[in-house]
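Read through the structure below, which is laid out as structure tokens, and then see the notes.
The values are calculated or read from the model by the stated rules, or taken from the named source; none is laboratory data. Every value quoted in this text rests on a predicted model; they were computed, and no experiment measured them. Cβ placement follows ideal geometry from the backbone for every residue including glycine, while neighbour counts extend to all protein chains displayed.
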Amino acid sequence: KSCYMREALNYLHKFWNEAFTYIKDGRYPISNNLAERAVRPFTTKRKNSLHFGSDEGAEIAAVYHSIISTVKLQGRSAWDYLGKFFTGIFNGCRDFLSLTPQNIDLAVCQ
């Protein structure tokens, strides 16, 4: 048991500066709760559907969840964003940069 304690203390000593880097810059939070909350819906979906069926399916799901999380972090409705996005696509908009969450309200092709 003392072997495990020695390993833990050696690890702490080795990475002491890295472990407390957040103290040097006040912009970094002490925890990663925000990141954990952002990925929770994705993890729940993955567990409920067991798998995505293919690598392509997992990639599409990751993009979808990234977009939805971005919209929510901006304090906006995901449904409103998706409505504007698909309206733009169906109307022939191919300026995809203007359809990103931060630019959708400024899009010229809606």
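In segment 72-91, the residues that are touching a residue at least 12 places away in the same chain (Cβ under 8 Å) and aliphatic (A, V, I, L, M) reach residues that are exposed (fewer than 14 other Cβ atoms within 10 Å of the Cβ) and part of a helix (DSSP H, G or I) with C-beta atoms within less than 9 angstrom, at least six apart or across chains, in these pairs: 73/34. Within segment 46-98, the set of residues being outside any helix (DSSP H, G or I) and either at pLDDT 85 or above or closer than 19 Å to residue 35 by Cβ (or both) comprises 74, 75, 76, 77, 91, 92, 93, 94, 95. Against the list (1) part of a helix (DSSP H, G or I); (2) at pLDDT 80 or above; (3) within 28 Å of residue 77 (Cβ to Cβ), the condition residue 40 fails is (2).
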